[in-house]
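Single-structure report; data block below.
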Amino acid sequence: MALLSSVINQIIQQEILTDDLSDDDLADFCQAANLAYRSGDPIISDQDYDFIYLPALKQRLPKHPLFESIEPEGQSFSEEKVLLPEPMLSTDKAYSWDEIRKWIERLEKSATDIGLAYVDIQIKATPKLDGFAGFDDGTRLYTRGDGKKGSDISRVFERGLQVYNDSERGQGAGEIVVKKSYFKSHLSNDFEYPRNFQASLIKEKALDQKAQQAIADKAALFVPFMQLPIWLGGIDTLSTQFEKIVTDILATVDFDVDGVVFEVTNKSLKTQMGANRKFHRWQIAFKENKDKAQVKVLSVTPQVGRTGKITPVAELEPTLLSGATIVRATGHHYGLVKEQGLGTGSIIELTRSGLVIPKINQVLKAAAVDIPEHCPSCGEKLQWESDFLMCVNHDICPAQVIGKMEYFFKILANNDGFGIATIEKLYEHGMRKISQIYALSVNDLSAMGFGEKTSVNLVNQLKRSSSEQIEDWRFLAAFGVVRMGLGNCENLLKSYPLNAIFGLDLEQISAINGFAELTAQMMVTGLSAIRPEFDLLNQYRFNLELTSLQKDLAELTHHLSGKKIIFTGKMSGSREEMKKQAKSIGIQVVSSVSAKTDYLVIGEKVGQNKIESAKKFGVEVLSEKNYLAMIE
């Protein structure tokens, strides 16, 4: 269900903080902002998207499609989409040196796997253009589209657009950009952002005079990535001169840039690292936001979440930071409030980078703190659970009950009309459970004060939500059990069918890969608590798409099933195909040698470290030929 424009505006104006958004609303907003940006009409700044909303979404839903697949350009082209000459993947992003360092560690590990010496790893750095991506095959120019198919926009070259450095056509991937100095002097009064102007160049409508003049002046250009200025060096130089390299690269072009792209140039290492559906693993873009401000706290307000956690929200003196006015920021939890002295009159250092944004970096001047003793929603005495202040009145606390009901419909995401205003009105008329809402008739809703048309629509939406197919893991996640978000629910249902999970014990859940004992215990407790409500809702026969169960190793008959194996070195065929075949017969393919590893399968040009590790742990080393003989 898409967000209403009024809600989007509240988010943009900071009237609704990131922490106050449900996972689905945050995802919807990111998609709306991304689509607007790619349409050349951004609704928020690049800094806000890169350092506030996208990182927050990645923290909550790391497997969201925005991170798993190429997001399409926002243009509504009438042309039929055509297959690109080459896939145009996105670029993974890093926001700190620590993330770049971890990427380098992955490079080193992959290099070791193929016997490439550390000193031979070569890295290239180029400016990351903030333009409109395209692919030029010499005959046609395509939009990036979804990374596989795009639209033919060759008309921009027919309109006179030139290639950067007066070079030839057909240099592959690049971006349509406008010179920063030219935009400032000639276009800034007519276009809010360079992105708006760049998007106007490719639309089907006739160009206006300013666009035609920019093309004639060679201020608007297609810049192939291979034409960009570069820095080239080894890992040691990158590590010791990182900040200087970034500063120097950012100043090399007269175009809007929003970061620096680092990539490996060694072909063998590129092949080894490969790509996922979203981006190449041998490439990463570094983006940072250093803006900070000292801000006075006007007050600290407690807010009650659906799980009972009390979150302190700092109300701030309005402060302009990174292009936006900040009026509120989360204090995370009351342990920090008490420890740092976050209270009325305190001075904080505020930034807009990090995973929880706007972010209070530190309290510069402490003040007296006000720790609430009772829940602001139900009046129940609050309890400390580690650093968190909690209301444990889970079944009666109005804020928690309303929050859980609203959360259910948001996670289901196949209904309209059940936003916070509707849920609050239903609560006022005695609704405390989702099952009670599904039992309502048009007459019931009309008696509560809903209009006749609204009542009919709400009942129809309830029917829609039970008849329209949704994934079983989404339905389970909608109950809001702690530690049972979308990812964990999907993982659970890959091992056990939905009708069996309520009988699972601690040992069975903790045995599933990815579930620690503490998480498993919370899931057992949570499933027991929602069982009655789950059974009541089951009566409405929701149309659930069942998750495919993973094949049980016990059902596999191959003698290597369950064995842990590492493949390293250059194989005679595709190593990825070898891994797929191994997994198909129950072999566990791992990436590092340990005492639990059973076999190290080696090809050509194997790094000595892997073999030495195998000897150290007593792991049997097999040649490719011997391994293939074993699996046959």
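The values are calculated or read from the model by the stated rules, or taken from the named source; none is laboratory data. Treat the numbers as computed from the prediction; the structure is a model and nothing was measured. Reconstructed Cβ throughout: ideal geometry from the backbone, glycine too, with neighbour counts over all protein chains shown.
In summary, LYS610 fulfils each of the numbered conditions (1) surrounded by fewer than 17 Cβ atoms within 10 Å (Cβ to Cβ); (2) modelled with pLDDT under 80 with the single exception of condition (1). Condition check: aliphatic (A, V, I, L, M), in contact (Cβ under 8 Å) with a residue 40 or more places away in the chain, over 30 Å from GLU108 (Cβ atoms) and surrounded by fewer than 21 Cβ atoms within 10 Å (Cβ to Cβ). Does ALA220 satisfy that? Here the answer is no, as ALA220 does not meet what is asked.
The single condition from (1) in contact with a helix residue (DSSP H, G or I) (Cβ under 6 Å, 6 or more places away or on another chain); (2) surrounded by fewer than 21 Cβ atoms within 10 Å (Cβ to Cβ) that GLU380 fails is (1). Take the residues in the range 217-233 that are of a type in the set (A, V, I, L, M) and not in a helix (DSSP H, G or I), then tell me which one is farthest from the chain's Cα centre (by Cα). Top of the filtered list is ALA219.
Residue by residue, here is whether (1) part of a strand (DSSP E or B); (2) among the charged types (D, E, K, R); (3) outside the structural domain of ALA199 (by TED's automatic domain parsing) holds:
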residue	(1), (2), (3)
ALA125	yes, no, no
LYS128	yes, yes, no
GLY134	yes, no, no
THR139	no, no, no
TYR142	yes, no, no
GLY145	no, no, no
PHE157	no, no, no
GLY160	no, no, no
ASN165	no, no, no
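Given the structure, is ALA211 of a type in the set (A, V, I, L, M), at pLDDT below 90 and surrounded by 14 or more Cβ atoms within 10 Å (Cβ to Cβ)? When the stated conditions are applied, ALA211 passes them. Once the range 476-488 is narrowed to residues that are in contact with a helix residue (DSSP H, G or I) (Cβ under 7 Å, 6 or more places away or on another chain) and in contact (Cβ under 8 Å) with a residue 60 or more places away in the chain, the residue that is surrounded by the fewest Cβ atoms within 10 Å (Cβ to Cβ) is VAL482. Filtering ALA520, ALA529 for residues that are closer than 28 Å to ALA439 by Cβ and among the hydrophobic types (A, V, I, L, M, F, W, C) leaves a single hit, ALA529. If the condition is being in contact with a Ser or Thr (Cβ under 9 Å, 6 or more places away or on another chain) and surrounded by 20 or more Cβ atoms within 10 Å (Cβ to Cβ), then the range 247-258 contributes only ILE249.
Exactly one residue out of SER572, SER592, SER584, SER561 is under 18 Å from SER110 (Cβ atoms), small (Gly, Ala, Ser) and not assigned by TED's automatic domain parsing to the domain that holds LEU269, and it is SER592.
From the list GLY569, GLY562, GLY573, the one residue that fits, being at positive phi and modelled with pLDDT of 80 or more, is GLY569. Inside the range 508-550, residues that are in contact with a Lys or Arg (Cβ under 8 Å, 6 or more places away or on another chain) and in contact (Cβ under 8 Å) with a residue 40 or more places away in the chain make up a count of 9.
In the range 467-517, what residues are among the β-branched types (Val, Ile, Thr), within 27 Å of GLU406 (Cα to Cα) and assigned to a helix (DSSP H, G or I)?
In the first step, residues of the range 467-517 are kept if they are among the β-branched types (Val, Ile, Thr); the result is 470, 481-482, 501, 509, 512.
If we keep only those that are within 27 Å of GLU406 (Cα to Cα) too, we end up with 470, 481-482, 501.
Once the filter is applied, which keeps residues that are among the β-branched types (Val, Ile, Thr), within 27 Å of GLU406 (Cα to Cα) and assigned to a helix (DSSP H, G or I), the range 467-517 yields only ILE501.
One line per residue, one yes/no per condition, for (1) modelled with pLDDT of 70 or more; (2) in the same structural domain as ALA199 (by TED's automatic domain parsing):
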residue	(1), (2)
ALA27	yes, no
ILE44	yes, no
PHE51	no, no
GLN59	yes, no
PRO62	yes, no
PRO87	yes, yes
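Residue pairs whose Cβ atoms lie under 6 Å apart, sitting 6 or more positions apart in sequence or on different chains, and linking a residue in the range 559-584 that is touching a residue at least 24 places away in the same chain (Cβ under 8 Å) to a partner that is part of a loop (DSSP other than H, G, I, E, B) and surrounded by fewer than 17 Cβ atoms within 10 Å (Cβ to Cβ), are LYS563/ASP598; LYS564/VAL590; LYS564/LYS596; LYS564/ASP598; ILE566/VAL590; GLY569/LYS605; LYS570/LYS605.
Starting from residues that are in contact with an Asp or Glu (Cβ under 6 Å, 6 or more places away or on another chain) and either modelled with pLDDT under 90 or among the hydroxyl-bearing types (Ser, Thr, Tyr) (or both), keep the ones in the range 447-491 and report whichever is farthest from SER510 (Cα to Cα). Steps first, answer last, please.
Here is the first cut: in the range 447-491, the ones in contact with an Asp or Glu (Cβ under 6 Å, 6 or more places away or on another chain) are 461, 469, 471, 473.
Pick out the ones that are also either modelled with pLDDT under 90 or among the hydroxyl-bearing types (Ser, Thr, Tyr) (or both) and you get 469, 471.
On the way: GLN469: 30, GLU471: 23 Å.
Here the residue is GLN469.
Checking every residue in the range 150-160 against the condition of being polar (S, T, N, Q) and closer than 19 Å to GLY259 by Cβ gives zero matches.
For GLN508, the conditions (1) within 29 Å of GLN59 (Cα to Cα); (2) in contact with a strand residue (DSSP E or B) (Cβ under 9 Å, 6 or more places away or on another chain) all hold with the exception of (2). Among the residues of the range 440-461, the ones that are more than 18 Å from ILE402 (Cβ to Cβ) and surrounded by 14 or more Cβ atoms within 10 Å (Cβ to Cβ) come to 10 in all.
Evaluating GLY417 against the criteria (1) surrounded by 15 or more Cβ atoms within 10 Å (Cβ to Cβ); (2) assigned to a helix (DSSP H, G or I); (3) small (Gly, Ala, Ser) leaves one unmet condition, (2). Scanning the range 386-397 for residues that are closer than 18 Å to LEU336 by Cβ and surrounded by 12 or more Cβ atoms within 10 Å (Cβ to Cβ) returns ASP387, PHE388, LEU389, MET390. Within the option set LYS616, LYS605, LYS625, being more than 35 Å from the chain's Cα centre (by Cα), surrounded by fewer than 15 Cβ atoms within 10 Å (Cβ to Cβ), at pLDDT 85 or above and not assigned by TED's automatic domain parsing to the domain that holds PRO497 holds for one residue only, LYS625.
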